[in-house]
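Student: This is the structure, below, for whatever I ask next.
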């Protein structure tokens, strides 16, 4: 699943998966694509986990990124995402809910969907499980399929690559292939 | 390159008659058509320091007491002139002239000298420059008269000849100024009386007197007056540098007790400030309010804008929110506002580029986000020039910086694996021999299946902020990929982040 297929103006996309499955890398790739195209993006970061240096290496134009650090307050994060989703002009609004995703009421999901439709903002939600329900136009799940290391087998020196499979778990419209294998290279190898 | 024969000096003089009264009219425009006197002192011993034209028509002039002025003009409105209002008026007039030329000189009392050399190619002839100066002065609330000549002195006298714009062609200074009455030189009353006794009635009469004889009888003020009459400059041109802050103020005759009353006055002050900022193509990122209370105390409220702006309604709304959350302890009688200017976004956005949020929407969103999560938690990430891990800070998110940012980042061979950082790095327990074998956090032990490293990093060893660490990439038994580090100074193990 390429980053450009994740970002849909006026729609909600969900990226779910467990830790080390490459979901954050996929989200940052979407931010990089948006900012490189000249758009303004926002990242609502619940756990204050965003690695700015890594994002810059991934191609994110940091000057075009609004970073909202929520200090582990998920209620604040949902409120911030709701505000940003209603502001026309943002290319992508990313909501990184981390590991403990809150339960989102069905009505809240549809309200968010209505807001992004009006503002034509692409809302991308990252969490460990799906929260937007039918409000999401596309939901993908990332699963780690392999890890490669640099150095000799008995004395590896650095993490080299993570291989992951991205599968579509919900799509209101046909997204193209139902699954795709991706590779994410570490800082030392990319 | 100056060509042979080209004149290299040209000045305009902008004069606002009765400047103290004009400063009061600027903050209270309804007084323009009514007799107005600027007064100073403590009642009942207040004296008139300036008066506008309608008041002067009734015989009100500087120096008389307020009681006498009211006797001469029963409809007179008298207002005290505060330093803040006078300073704001002075800076507003200078700002207006800076729009025309970068070299202006503050001559005091509502008189500004403008170096107009080279403006012909930008604006037009001297008449056009004069009209433009009148227009810019009107934009900040003043009715100005402008004189243009080769010297500042001649321009200053020309500005007082009674016409909106008076242009003196090169070489005709003495001929054109000669018929003007001596009062246009604004002589000291004592010297004016002496000149009247001598039968000197016009500028031309004064210019014909021998300067040495005049110096012997009238001293330095007499010589200065003679130089003015001859249109000669003696003083060096002292360019004006705008102050780092923009200030304006308003005094009221009544007490401001409610938020609605404060809003009314705040709107007036910000309207004037925004007009001045607009002249210089600036926006404000912080506004400081200073309320003078009836208890003689001052109540300060700082209003930092999440996004620099010049939109008066939005500024009023945000400032009122700040006052509401930090209300004064007593009624206010005066309000002073200081705006911290920054450069506005120049130009317009490209037709084929993605659209950006409207400035006003973005300002509102950023303010709300700042209120929600804190002002220090909203902004644009800025990498610090350091090798220290996670060297990043937040800077103000601005559309100007976003629009100007490069769209051409370095090409990557592969997609970048991201690290989810743990902030601050969490101390963990690590069982290690040559390499980590198991890690424990939150009371749960995780076996390590693969450990890669160490990568030794250090920096700033010359300072107390020095750091040194060994980094390891580890794969846990449940498939999680982590970066752990051992602080070489303290020996503690830290969880730096999780690859994802």
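Student: From the list B:125, B:95, B:115, pick out the single residue that is on the phi < 0 side of the Ramachandran plot and touching a helix residue (DSSP H, G or I) at 6+ places or on another chain (Cβ under 7 Å).
Tutor: Working: B:125 fails: touching a helix residue (DSSP H, G or I) at 6+ places or on another chain (Cβ under 7 Å); B:115 fails: touching a helix residue (DSSP H, G or I) at 6+ places or on another chain (Cβ under 7 Å).
Only one candidate qualifies: B:95.
Student: Taking interchain pairs and intrachain pairs at least six residues apart, which have beta carbon atoms under 8 angstrom, with the first residue in segment A:89-101 and more than 12 Å from chain B (Cβ to nearest Cβ) and within 12 Å of residue A:67 (Cα to Cα) and the second crowded, with 21+ Cβ neighbours inside 10 Å and at pLDDT below 90?
Tutor: No pair meets every condition.
Student: Do the conditions hold for residue B:495, that is, is it under 49 Å from the mean Cα position of the chain (by Cα) and either facing chain A (nearest Cβ under 10 Å) or more than 23 Å from residue A:146 (Cβ to Cβ) (or both)?
Tutor: Numbers: under 49 Å from the mean Cα position of the chain (by Cα): yes; either facing chain A (nearest Cβ under 10 Å) or more than 23 Å from residue A:146 (Cβ to Cβ) (or both): yes.
So residue B:495 passes the test.
Student: Right, here's the next one. State yes or no: is residue B:489 at pLDDT 95 or above and either surrounded by fewer than 19 Cβ atoms within 10 Å (Cβ to Cβ) or assigned to a strand (DSSP E or B) (or both)? If you could, list the steps in order and put the result at the bottom.
Tutor: Numbers: at pLDDT 95 or above: no; either surrounded by fewer than 19 Cβ atoms within 10 Å (Cβ to Cβ) or assigned to a strand (DSSP E or B) (or both): yes.
It is false that residue B:489 is at pLDDT 95 or above and either surrounded by fewer than 19 Cβ atoms within 10 Å (Cβ to Cβ) or assigned to a strand (DSSP E or B) (or both).
Student: Taking the condition of being surrounded by 12 or more Cβ atoms within 10 Å (Cβ to Cβ) and either within 51 Å of the chain's Cα centre (by Cα) or away from chain A (no Cβ under 14 Å) (or both), how many residues in segment B:461-486 meet it? Working first, answer last.
Tutor: If we filter segment B:461-486 for residues that are surrounded by 12 or more Cβ atoms within 10 Å (Cβ to Cβ), which is where we start, we get B:466-476, B:479-486.
If we keep only those that are either within 51 Å of the chain's Cα centre (by Cα) or away from chain A (no Cβ under 14 Å) (or both) too, we end up with B:466-471, B:482-486.
Of the residues in that region, 11 qualify.
Student: Turning to a different aspect of this structure: When you look at residue A:117, is it part of a helix (DSSP H, G or I) and touching a helix residue (DSSP H, G or I) at 6+ places or on another chain (Cβ under 9 Å), yes or no?
Tutor: Numbers: part of a helix (DSSP H, G or I): yes; touching a helix residue (DSSP H, G or I) at 6+ places or on another chain (Cβ under 9 Å): no.
For residue A:117, the condition - part of a helix (DSSP H, G or I) and touching a helix residue (DSSP H, G or I) at 6+ places or on another chain (Cβ under 9 Å) - is not met.
Student: Go through segment B:16-56 and give me each residue that's more than 30 Å from residue B:113 (Cβ to Cβ) and assigned to a helix (DSSP H, G or I).
Tutor: Listed by number, the list holds a single entry, B:30.
Student: Give the residue that is surrounded by the most Cβ atoms within 10 Å (Cβ to Cβ), with candidates limited to residues of segment A:35-79 that are in contact (Cβ under 8 Å) with a residue 40 or more places away in the chain, assigned to a helix (DSSP H, G or I) and touching a helix residue (DSSP H, G or I) at 6+ places or on another chain (Cβ under 8 Å).
Tutor: First, the residues of segment A:35-79 that are in contact (Cβ under 8 Å) with a residue 40 or more places away in the chain: A:35, A:37, A:39-47, A:49-50, A:54, A:57.
Filter once more, so that each one left must be assigned to a helix (DSSP H, G or I): A:35, A:54, A:57.
Narrowing further to those that are touching a helix residue (DSSP H, G or I) at 6+ places or on another chain (Cβ under 8 Å): A:35, A:54.
Values: A:35: 26, A:54: 24.
Ranking the qualifying residues of segment A:35-79, first place goes to A:35.
Student: If residue A:83 satisfies all but one of (1) within 16 Å of residue B:378 (Cβ to Cβ); (2) at the interface with chain B (Cβ under 7 Å from one of its Cβ atoms); (3) in contact with a strand residue (DSSP E or B) (Cβ under 6 Å, 6 or more places away or on another chain), what's the number of the condition it fails?
Tutor: Result: residue A:83 passes all but (3).
Student: While we're on this one: Any idea which of A:36, A:57 is modelled with pLDDT under 95, within 7 Å of chain B (Cβ to nearest Cβ) and over 18 Å from residue A:121 (Cα atoms)?
Tutor: Sole residue among the options that is modelled with pLDDT under 95, within 7 Å of chain B (Cβ to nearest Cβ) and over 18 Å from residue A:121 (Cα atoms): A:57.
Student: Right, here's the next one. Only one of these is at the interface with chain A (Cβ under 7 Å from one of its Cβ atoms), part of a strand (DSSP E or B), at pLDDT 90 or above and over 12 Å from residue B:474 (Cβ atoms): B:420, B:426. Name it. I'd like the intermediate steps shown before the answer.
Tutor: Details: B:426 fails: at the interface with chain A (Cβ under 7 Å from one of its Cβ atoms).
After ruling out the rest, the residue left standing is B:420.
Student: Give me a count of the residues in segment B:436-460 that are more than 12 Å from chain A (Cβ to nearest Cβ), surrounded by fewer than 16 Cβ atoms within 10 Å (Cβ to Cβ) and at pLDDT 90 or above.
Tutor: Residues meeting the conditions: 8.
The values are calculated or read from the model by the stated rules, or taken from the named source; none is laboratory data. On a predicted model such as this, the values are computed, not experimentally measured, just so you know. For neighbour counting, all protein chains shown are included, and Cβ atoms are generated from backbone atoms with ideal geometry for every residue, glycine included.
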